[in-house]
Amino acid sequence: MQVGIPRETLPGETRVAATPETVKKLVQAGHQVRVERGAGTAARYPDADYEKAGAELADAQTALGGELVLKVRRPDASELDRMKPGAVLLGMLDPFDPEGLRALAGAGLTAFALEAAPRTTRAQSLDVLSSQANLAGYKAVLLATQYYGRIFPMMMTAAGTLKAARVVVLGAGVAGLQAIATARRLGAVVEASDVRPAAREQVESLGGKFIDVPYETDEEREIAEGVGGYARAMPAAWMARQAALVAERCKQADIVITTALIPGRPAPTLIQPDTVAAMKPGSVIVDLAVERGGNCPLSVPGEVVERDGVTLVGLANLPALLATDASALYARNVLDFLKLVIDAEGRFAPPADDDIVNACLVCKDGQVLRSA
Ligand code: NAD
């Protein structure tokens with residue numbers, strides 16, 4: 001197939017959908033790969049390395065005009081104009097945004113949104129949410145260290161002892177667990193909360209303390225189990241009890257990292273403004289949910305702000321701050337997905353009965369297949 005790798009155009013998007021490593025594999029498999037000049041520059045993959053891997057360097061028009069186009073983010077209107085009807089698109093296409101999907105369908109594409117893959121063992125190697133959230137969780141802790149005027153580990157010095165930082169992590173999914181692990185490695189004392197009961201054991205296995213909000217009804221217990229590994233919105237009574245407990249823990253904390261998300265919905269509010277006001281001056285909140293409305297209403301998307309002496313880090317797209325590794329993992333996820341939809345002769349031949357392929361297929365030949 002003619003495979004196009006365009007440069008990402010969304011402001012701040014430094015990642016690229018294929019690296020020299022994955023391009024080499026595509027070329028070995030017999031594909032003709034065209035990489036837009038500069039596509040990997042922001043992620044520190046030079047054009048020359050793509051050429052060495054067997055790609056042809058091209059302009060945007062040519063890269064977008066491929067039979068198969070590999071992207072990080074959903075193409076905008078001007079990119080869609082340059083794509084060919086009937087082309088196949090792979091990327092993080094925001095499957096819960098019906099308008100965006102209609103635009104892809106309007107361009108006559110067959111499109112796979114990789115974020116929609118099921119969270120199953122077989123899908124692990126192509127799970128873009130996991131590969132990127134893991135890096136985001138790590139980076140969130142490093143950002144916290146940057147805005148925090150103290151150190152993380154307990155340190156005994158000749159001039160006196162410094163106390164270990166207290167870190168609270170809200171949401172112990174992929175990003176939250178990596179945040180816990182990273183904060184622990186730096187010597188912090190860590191507590192974490194999640195709605196899903198399975199999270200307790202994972203938090204504890206990383207040396208964190210689980211903030212327990214007991215379920216009081218069967219309904220609460222059932223909703224907390226979630227669907228497909230994902231959380232569901234909890235009943236108001238449970239959320240109120242959690243808010244009270246979280247407020248208490250946040251007042252004691254130095255760093256709070258929030259990662260709580262519910263697929264297809266705005267992020268749940270976990271830290272109220274009065275909790276921020278009651279936190280210690282110099283504390284830092286890193287809100288990883290900021291792009292979906294935030295877990296704290298005071299977070300400002302794309303900005304670092306200070307409220308009542310507390311620094312709120314609302315920087316978006318943290319994986320893009322680790323563009324080299326984020327691209328390397330993303331590109332391998334993409335390659336693993338391609339193995340499912342390209343046959344031994346190198347033709348696009350998606351199997352009709354594959355749960356991963358069907359979950360990701362959001363548009364086929366110009367028709368939207370997913371009701372968001
Ligand atoms: P996510 O990004 O959708 O959400 C982050 C976390 O926020 C989740 O753990 C969620 O339970 C939590 N959350 C939601 N509402 C909350 C609230 N009110 N308070 C506290 N926490 C709240 O989740 P994710 O990181 O994508 O992980 C989702 C699930 O998928 C997890 O169960 C994870 O273990 C599982 N998973 C499985 C695989 C696999 O088997 N292949 C791969 C990755 C993730």
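Please list, ordered by residue number, the strands (runs of 3 or more DSSP E) wholly in region 51-149 having 1 or more residues that are in contact with a strand residue (DSSP E or B) (Cβ under 8 Å, 6 or more places away or on another chain) and polar (S, T, N, Q). Full working, then the answer.
Numbers: elements: 56-58, 68-73, 88-92, 110-113.
Once the strands (runs of 3 or more DSSP E) in region 51-149 are filtered for at least 1 residues that are in contact with a strand residue (DSSP E or B) (Cβ under 8 Å, 6 or more places away or on another chain) and polar (S, T, N, Q), what remains is 110-113.
Residue pairs, Cβ under 7 Å, 6 or more apart or interchain, first in region 119-146 and farther than 20 Å from residue 169 by Cβ, second aromatic (Phe, Trp, Tyr). List them.
Note: pairs meeting the criteria are 126/337; 128/330.
From the list 171, 149, which one is touching a residue at least 60 places away in the same chain (Cβ under 8 Å), within 13 Å of the ligand (Cβ to nearest atom) and closer than 23 Å to residue 279 by Cα? If you could, list the steps in order and put the result at the bottom.
Numbers: 149 fails: within 13 Å of the ligand (Cβ to nearest atom).
Result: 171 is the single residue among 171, 149 that is touching a residue at least 60 places away in the same chain (Cβ under 8 Å), within 13 Å of the ligand (Cβ to nearest atom) and closer than 23 Å to residue 279 by Cα.
Say we look at region 205-232 and pick out the residues that are free of Cβ contacts under 8 Å to residues at least 40 places away in the same chain and of a type in the set (Phe, Trp, Tyr); which of these is farthest from the ligand (Cβ to nearest atom)?
Filtering first and then ranking leaves 215.
Which residue out of 353, 274 is surrounded by fewer than 16 Cβ atoms within 10 Å (Cβ to Cβ), outside any loop (DSSP other than H, G, I, E, B) and not basic (Lys, Arg)?
274
Residue 190: more than 10 Å from the ligand (Cβ to nearest atom), more than 30 Å from residue 18 (Cα to Cα) and crowded, with 20+ Cβ neighbours inside 10 Å, yes or no? Walk me through it before giving the result.
Values: more than 10 Å from the ligand (Cβ to nearest atom): yes; more than 30 Å from residue 18 (Cα to Cα): yes; crowded, with 20+ Cβ neighbours inside 10 Å: yes.
It is true that residue 190 is more than 10 Å from the ligand (Cβ to nearest atom), more than 30 Å from residue 18 (Cα to Cα) and crowded, with 20+ Cβ neighbours inside 10 Å.
Is at least one residue of region 296-307 crowded, with 21+ Cβ neighbours inside 10 Å, small (Gly, Ala, Ser) and either under 30 Å from residue 237 (Cβ atoms) or within 16 Å of the ligand (Cβ to nearest atom) (or both)?
Within region 296-307 (the criterion being crowded, with 21+ Cβ neighbours inside 10 Å, small (Gly, Ala, Ser) and either under 30 Å from residue 237 (Cβ atoms) or within 16 Å of the ligand (Cβ to nearest atom) (or both)), the answer is yes, since at least one residue qualifies.
Mind telling me which of the residues 240, 199 ends up being at pLDDT 90 or above and either touching a Phe, Trp or Tyr at 6+ places or on another chain (Cβ under 9 Å) or near the ligand (Cβ under 8 Å from one of its atoms) (or both)?
When all the criteria are applied, what remains is 199.
Quick one: count up the residues across region 205-214 that are surrounded by fewer than 18 Cβ atoms within 10 Å (Cβ to Cβ) and either part of a loop (DSSP other than H, G, I, E, B) or out of contact with any strand residue (DSSP E or B) (no Cβ under 6 Å at 6 or more places or on another chain) (or both).
Looking only at that region, the number is 5.
Could you count how many residues in region 153-172 are surrounded by fewer than 23 Cβ atoms within 10 Å (Cβ to Cβ), at negative phi and not hydroxyl-bearing (Ser, Thr, Tyr)? Walk me through it before giving the result.
Step one: list which residues in region 153-172 are surrounded by fewer than 23 Cβ atoms within 10 Å (Cβ to Cβ), which gives 153-164, 166.
Then keep just the ones that are at negative phi; that gives 153-159, 161-164, 166.
With not hydroxyl-bearing (Ser, Thr, Tyr) added as a condition, the list becomes 153-156, 158-159, 162-164, 166.
So the count comes out to 10.
The values are calculated or read from the model by the stated rules, or taken from the named source; none is laboratory data. Just so it is clear, the structure is predicted and the values come from calculations on it, not from any experiment. Don't worry about glycine lacking a Cβ; one is built from the backbone with ideal geometry, like all the others, and counts go over all protein chains shown.
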